[in-house]
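Every number here is computed from the coordinates shown, using simple stated rules; none is lab data. From a predicted model like this one, the values you see are computed outputs, not experimental measurements. Glycine also receives a Cβ, built like all others from the backbone with ideal geometry; neighbour counts cover every protein chain displayed.
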Amino acid sequence: MKQYDVIIIGAGAAGLAAAGELVTRGRRVLVLDMGASPARKVAASGGGKCNITNMAAGATRYFGKNPNFVRGALSRVGPTDILKWCERHKLKLYEKEPGRYFCADGADAVVDALGRDAMGADIKFNHNVNNVNKRSEEFIVVANGTEFCSKSIIVATGGISFGTLGVSDTGYKIAKQFGHEIVPVRPALCAMAVPIFGADMAGISIKAEISVGREKIRDNMLFTHFGIGGPVVYRASVRDLSNGITINLCPDCDIFSALKDAKQKNGKRNISTILAEHLPVRIAKYFSHADTRNIADWRDTEIRAIANNINNMHIDTHDIKLHNLQSAEIVRGGVSTDNISSKTMESKICPGLFFVGEVLDIAGDLGGFNLQWAWASGRVAGQNA
Ligand SMILES: Cc1cc2nc3c(=O)[nH]c(=O)nc-3n(C[C@H](O)[C@H](O)[C@H](O)COP(=O)(O)OP(=O)(O)OC[C@H]3O[C@@H](n4cnc5c(N)ncnc54)[C@H](O)[C@@H]3O)c2cc1C
């Protein structure tokens, strides 16, 4: 049986970031991946342009039981370090929004750069790890019936969303086996089905605001055949939804005042015509329920009810159905950070066992935060394993 210093399970973003560090340190490294090629989610990321990092990366942009856990790794490997890494690999970047970096050379160029750093590691594809054991001071990792042996292992198996790219729950199973808790996993950075909107609104795109707790998120919303999507919904979906969400479909206009003004100026106008000055026609018609009365005939309570639905529509948590795991960019939940060192990513229960990237109960906001977490946690583990 071939002996390694470190075995990394998963050749994704975090696993390859760890491999690069370990190779630099002269460690004998084996990377095992169930798929046929490296970092498939990186290759698919950012619509093929890989949103590689975000200068705003900090605990407030991460979600899970303990978002402060990210501080340790991000203080060692921050967004500026990733920009330097890109420079070293001659990757051309551009900012889509201030501080939000994409790769102009495409996501495949990022995957190639990760591969260059990890050269020197033994990387085996189509190797599905299904068993890990610890015998005295050594880990035995079994993939496709073959045993591999090492002093440390890094679990970098990612999350279980977007299954078509090849995912598994093996990381959670390994964590449980060695005494770690798993925070229940759910889809995040995804669309939502809500009972209010039907398929008749599909295709409309507007600037909307969603309030989740005290936070207000403003971005584009897209109506789909099953509900709502787009960046503002994706960003809401990763947050704590236990108190529901409040949607403002026209955040720059107080619809109640606008309707009252219109009523005073010309009572003969139709309410959906007035609403259409502030909203797409289909939305205006939807909220006026095809009621053709003149605005003068509407009571203030009726106007208030319509305005509330547009500016302040609350959706209870039990009415929110997150779209499925298959279409979600990430999962929220995973291996609890409770018994993991935030400085090294090593288990406090089982020395030599490390967890990095999305397999942990750390979910980042939309905007490059998840890859930043994968790079930071992966590298930190690679510096310590
Ligand atoms: C479509 C899409 C677009 C995205 N775009 C962005 C973006 O632009 N910016 C951003 O920050 N984030 C983005 N994300 C999220 C980001 O890609 C992930 O959070 C990140 O890749 C997680 O890195 P990871 O290394 O933890 O897991 P992954 O990159 O998922 O890697 C896990 C690896 O483990 C392997 N594996 C799993 N189980 C086993 C096993 N049993 N045996 C062997 N190998 C195994 C898998 O094959 C995989 O290669 C996107 C995600 C998706 C799905």
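What's the extension gain from ASP81 to PHE226 if we count 0.36 nm per residue and subtract their Cα-Cα distance?
Length difference between fully extended and current span is 48.1 nm.
Which FRET efficiency value, to the nearest 0.05, do you get for LYS321 and ASP297 by plugging their Cβ-Cβ distance into 1/(1 + (r/R0)^6) with R0 = 35 Å? Don't skip to the answer; put the middle values down first.
Numbers: r = 37 Å, r/R0 = 1.06.
With R0 = 35 Å, the Cβ-Cβ based efficiency is 0.40.
Tell me, in nm to one decimal, what length is gained between ARG282 and ASP219 on full extension, where the rule is 0.36 nm per residue of separation less the Cα-Cα distance?
20.7 nm
Using 27 Å as the Cα-Cα cut-off, could you pick out the over-long pairs in LYS65/LYS176; LYS151/LYS176; LYS49/LYS90; LYS92/LYS124? The partial results should precede the final answer.
Details: LYS65/LYS176 17 Å; LYS151/LYS176 20 Å; LYS49/LYS90 15 Å; LYS92/LYS124 29 Å.
Too far apart for the 27 Å limit: LYS92/LYS124.
Project the alpha carbons of the chain onto their principal axes and report the range along each, largest first, in whole Å.
86, 42, 33
Select from ILE196, LEU279, GLY213 the residue farthest towards the positive end of the dipole of the range 191-323; place +1 on Cβ of Lys and Arg, -1 on Cβ of Asp and Glu, and compute about the Cα centre.
Among ILE196, LEU279, GLY213, the one farthest towards the positive end of the dipole of the range 191-323 is LEU279.
Only residues of the range 274-301 count here: report those whose backbone N is under 16 Å from the spot 7 Å along Cα→Cβ of ASP261, or say none.
Within reach of a label on ASP261: 274-279.
Per residue Cα convex hull volume for the range 191-323, in cubic angstrom?
Per-residue hull volume (Cα only) is 96 Å³.
For LYS216, go through the aspartates and glutamates and keep the ones whose alpha-carbon is under 19 Å away, minus same-chain ones fewer than eight residues off.
GLU97, ASP240, ASP252, ASP254, ASP316, ASP365
Would you work out the charge dipole size for the range 328-385 about its Cα centre, treating the Cβ of every Lys and Arg as +1 and the Cβ of every Asp and Glu as -1, and quote it to the nearest 20 debye?
Charge dipole of the range 328-385: 200 debye, to the nearest 20.
Restricting to DSSP H runs of at least four residues, report the calculated mean residue ellipticity at 222 nm for the chain, -39500 (n - 2.57) per run over all residues, nearest 500 deg cm²/dmol.
About -8000 deg cm²/dmol.
Could you grab the relative contact order for the chain? Cα pairs under 8 Å, six or more apart, rounded to a whole percent. Could the numbers behind the result be given before it?
Working: 881 pairs, mean separation 98.3, N = 385.
Reported as a whole number, the value is 26 percent.
Taking springs between alpha-carbon atoms closer than 10 angstrom, which of ALA107, ALA188, ALA44 fluctuates most in the Gaussian network model of the chain?
In the Gaussian network model the winner is ALA44.
Taking the Cα-to-Cβ direction at SER136 and at ARG71 and moving 7 Å from each Cα, how far apart do the two end points lie in nm?
4.1 nm
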